[in-house]
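Let me begin by presenting the structure, written as structure tokens, before commenting on it.
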Amino acid sequence: MTITHDNFTYIADLVRRKSAIVLGPGKEYLVEARLTPIARDRMLSLDRYVESVRARLNPAEHELIVEALTTNETSWYRDAQPFSALTGHIVPELRKERRILPGLRVWSAACSTGQEPYSIAMTLKEHFGGPSWTGPVPLVDILATDLSQQVLDRSKQGRYTQLEINRGLPAHQLVRYFSRHGTEWELSPEIRSMVRFQRHNLLDTVPPGGPFDVVFLRNVLIYFDVHTKLEVLRKVRSALRPGGFLILGAAETTVGLDDSWLRVPFGRSSIYQKVANA
């Protein structure tokens, strides 16, 4: 199904108002792919469906559309480098500054179906139980947030299809932390208990649970305009402890955008540390 220019403009404006995500020209294919199944469920063409939404003020339908267009693909240990940076640089730095005890607080923003926060949980579980760690094991509190309640409900269950498991999960972790349930794999209660899920819009005030030591905000800023990027970075900065760390996506940076962050090269990527007086 194709969508007319007027209906695409309406949908793009709706998504921008609700989530600040910009769907510019050329994204018609995305709108068509994500909304066509919804239109078919209502036995309508795509354009007739959008026209019906435009004719009636229906917050539930608006929410369904925004969720469909803001749910992104994800995988286990996506890009790998952020998880290496977490244990190879961030935790040692926090430990050196004596900020890691009694607890380590991590915020995984825009967590989608949960692979990122659960990857963080497994990484920290193995790091603190490994030979490189001595001393008391800190409490780990991981807050995972997303705009979509639908994906959060899935994340809480900790159940994944074989196809989802195949996307980046190491075999030894599948054996150690998952058990088969029918055609799906279920994550162990131990790892699930390390993560709290909460609905949150990055345009709103920061969620409770901070201040955080680390914030994962990956592959999100690329969808925002400059003003919104700056506003989101300001809010994230306010949620971090002094000297806390921000992890962005591989194609994202604060350089040339916000000088309140210190770029720290790590491997083939970078992480960003909150400037103490910022």
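The values are calculated or read from the model by the stated rules, or taken from the named source; none is laboratory data. In this text, all values refer to a predicted model and were calculated from it rather than measured experimentally. Note that each Cβ is placed from the backbone with ideal geometry, even for glycine, and that neighbours are counted across all protein chains shown.
Are any residues in segment 73-86 among the polar types (S, T, N, Q) and loosely packed, with under 15 Cβ neighbours inside 10 Å, and if so, which ones? If you could, list the steps in order and put the result at the bottom.
Of all residues in segment 73-86, those among the polar types (S, T, N, Q) come to 74-75, 81, 84.
Matches in segment 73-86: none.
Restricting attention to helices (runs of 4 or more DSSP H) lying wholly within segment 50-130, give those where 1 or more residues are touching a residue at least 60 places away in the same chain (Cβ under 8 Å) and within 18 Å of the chain's Cα centre (by Cα). Talk me through it step by step, then tell me what you get.
Numbers: elements: 59-70, 81-85, 91-96, 115-128.
In segment 50-130, 59-70, 81-85, 115-128 are the helices (runs of 4 or more DSSP H) which contain 1 or more residues that are touching a residue at least 60 places away in the same chain (Cβ under 8 Å) and within 18 Å of the chain's Cα centre (by Cα).
For segment 197-224, enumerate the residues that are surrounded by fewer than 16 Cβ atoms within 10 Å (Cβ to Cβ) and in a strand (DSSP E or B).
Within segment 197-224, 198, 199 meet the criteria.
Regarding residue 135, is this residue within 11 Å of the chain's Cα centre (by Cα) and small (Gly, Ala, Ser)?
Spelling it out, it is not the case that residue 135 is within 11 Å of the chain's Cα centre (by Cα) and small (Gly, Ala, Ser).
Pairs under 8 Å by beta carbon, first residue within 17 Å of residue 15 (Cα to Cα) and assigned by TED's automatic domain parsing to the domain that holds residue 127 in segment 191-210, partner modelled with pLDDT of 90 or more and part of a loop (DSSP other than H, G, I, E, B), six or more apart or different chains?
Hits for this filter: 200/109; 200/207; 202/109; 202/110.
With respect to the numbered conditions (1) over 24 Å from residue 80 (Cα atoms); (2) assigned to a strand (DSSP E or B), which one is the sole condition not fulfilled by residue 273?
(1)
It is to be established whether one or more residues within segment 142-163 are among the acidic types (Asp, Glu), under 20 Å from the mean Cα position of the chain (by Cα) and surrounded by fewer than 19 Cβ atoms within 10 Å (Cβ to Cβ).
Yes, because at least one residue in segment 142-163 is among the acidic types (Asp, Glu), under 20 Å from the mean Cα position of the chain (by Cα) and surrounded by fewer than 19 Cβ atoms within 10 Å (Cβ to Cβ).
Could you list all residues from segment 237-266 that are surrounded by 13 or more Cβ atoms within 10 Å (Cβ to Cβ) and either on the phi > 0 side of the Ramachandran plot or not assigned by TED's automatic domain parsing to the domain that holds residue 94 (or both)?
So the first thing to find is which residues in segment 237-266 are surrounded by 13 or more Cβ atoms within 10 Å (Cβ to Cβ), and the list is 237-250, 252-254, 257-258, 260-262, 264, 266.
Within segment 237-266, 243 is the sole residue that qualifies.
What is the one condition in (1) more than 24 Å from residue 81 (Cβ to Cβ); (2) touching a Ser or Thr at 6+ places or on another chain (Cβ under 8 Å); (3) modelled with pLDDT of 95 or more that residue 246 does not satisfy?
It fails just one condition, (1).
For segment 164-177, how many residues are exposed (fewer than 15 other Cβ atoms within 10 Å of the Cβ) and part of a helix (DSSP H, G or I)? Let's see the steps before the verdict.
Restricting attention to segment 164-177, the residues satisfying the condition of being exposed (fewer than 15 other Cβ atoms within 10 Å of the Cβ) are 166, 170-172, 175-176.
Still in the list and also part of a helix (DSSP H, G or I): 171-172, 175-176.
Here the count works out to 4.
Which of the residues spanning segment 11-62 are hydroxyl-bearing (Ser, Thr, Tyr) and either at positive phi or surrounded by fewer than 16 Cβ atoms within 10 Å (Cβ to Cβ) (or both)? Give the steps one after another, and end with the answer.
Just the residues of segment 11-62 that are hydroxyl-bearing (Ser, Thr, Tyr), to begin with: 19, 29, 36, 45, 49, 52.
Those that are hydroxyl-bearing (Ser, Thr, Tyr) and either at positive phi or surrounded by fewer than 16 Cβ atoms within 10 Å (Cβ to Cβ) (or both): 29, 45, 52.
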